[in-house]
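Readers should treat all values here as calculations from the given coordinates under stated rules, not as data from a laboratory. Note that the coordinates shown come from a computational prediction; the quantities given were computed from them, not determined experimentally. As a convention, Cβ positions derive from the backbone with ideal geometry for all residues, glycine included, and neighbour counts pool all protein chains shown.
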Ligand code: TYD
C-alpha cells in the first residue's frame, strides 16, 4: 500500500486486512459480506463492514444522487467521477484509519465496479478509469479482492422482487455486459482478483469464500472452524 496525504497504512503484522467483495448484481455479495463480518468477529477480529458508494456522510449523499435520484441526468463519465469521489472520501476518512488501528475492513464493491459499470459496460475510457481509481485510492489495494460471480440470468432473477437502481435500470443488455466484464477481468487478472462461483447454495458459497480468507487469518485462529463447519462436524458425529 502506498502513502496517501502523509497517512500510510502500516505494514506491521497487526495492521487490519482489507477484503473486498465485488461482482454483478444478484450475486449475493451483501449477504456474504455480512456473514464474513460476523465470522471474523467470532474469531475475535474487529471488523468494519462498508459498502460503496457510501460509508461516509459525503459518500451516502453521493450514493443518493447516483442511485436514487434518477431524474438527475448523469453521463457515464460523471458517474465515474462521483463513484471515485465517494471512494476517495471513504479511503481517507474510514479505511486507512481503521486498518491502522488493526481493524479489518470488509467492503461491498470497490474499484473493479467502476471499471466494469462505467468503463467496460458504460463506455468510459478504461485507462481513464484506472487512473481515476489510482488517484481516489492513493494506491490502497485490498489484501483480497473477491469477485462473486453468477450469470446475469440468475442475477436478474434473484433481484426481480426489488426496485431497480440507476444502473439496473439500464436494462438487461447492460447487465449482461456487466456480468461478462466481471468474469473476464477476474479471469485475466488472477493475481489481483479471485473469482468465486456464486451460483451454489449460500452454504457452498460461504465455504468457497472462507477458503480465500483463511490464509489471511492470524496463525492462532486459522485452524478454527466457521459456525457452519462446526454444525456439519456435529451432525456427522451424531
Ligand atoms: P450495490 O450497493 O451493490 O447495490 P445493491 O445494494 O442494490 O445490490 O451497488 C450499487 C450500484 O452501484 C450497483 O448497481 C453497482 C453500481 N456501481 C457502479 O456502477 N460503479 C461503482 O463504482 C460502484 C461502486 C457501484
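Please find, in a Gaussian network model of the chain (springs between Cα atoms separated by less than 10 Å), the residue of 36, 216, 112 whose mean-square fluctuation is greatest. Answer for the Gaussian network model of the chain: 216. Between 171, 59, 26, the Gaussian network model of the chain with springs among Cα atoms under 10 angstrom shows the greatest mean-square fluctuation at 171. Looking only at 212, 32, 84, which one moves most when the chain is put into a Gaussian network model with springs between Cα atoms under 10 Å? Comparing 212, 32, 84 in the GNM, the peak value goes to 212.
Note the full-extension length gain between residue 214 and residue 127 as 0.36 nm times their separation in residues minus their Cα-Cα distance, in nm to one decimal.
On the way: separation 87, 0.36 × 87 = 31.32 nm, distance 3.31 nm.
Full extension of this stretch gives 28.0 nm more.
Extending 7 Å from Cα along the Cβ direction at residue 223 and again at residue 199 yields two label points whose distance is 3.8 nm. How much of the calculated P(r) for segment 18-237 lies past 26 Å, in percent of all Cα pairs? Roughly 35 percent, rounded to a whole number. The calculated FRET efficiency for the pair residue 157 and residue 60, based on their C-beta separation and a Förster distance of 35 Å, comes to about 0.75. The fewest-to-most ranking of 184, 228, 14 by surrounding Cβ atoms within 10 Å reads 14, 184, 228.
Using Cα pairs under 8 angstrom and six or more residues apart, how large is the relative contact order of the chain, in percent?
Values: 342 pairs, mean separation 66.9, N = 238.
Relative contact order, the chain: 28 percent.
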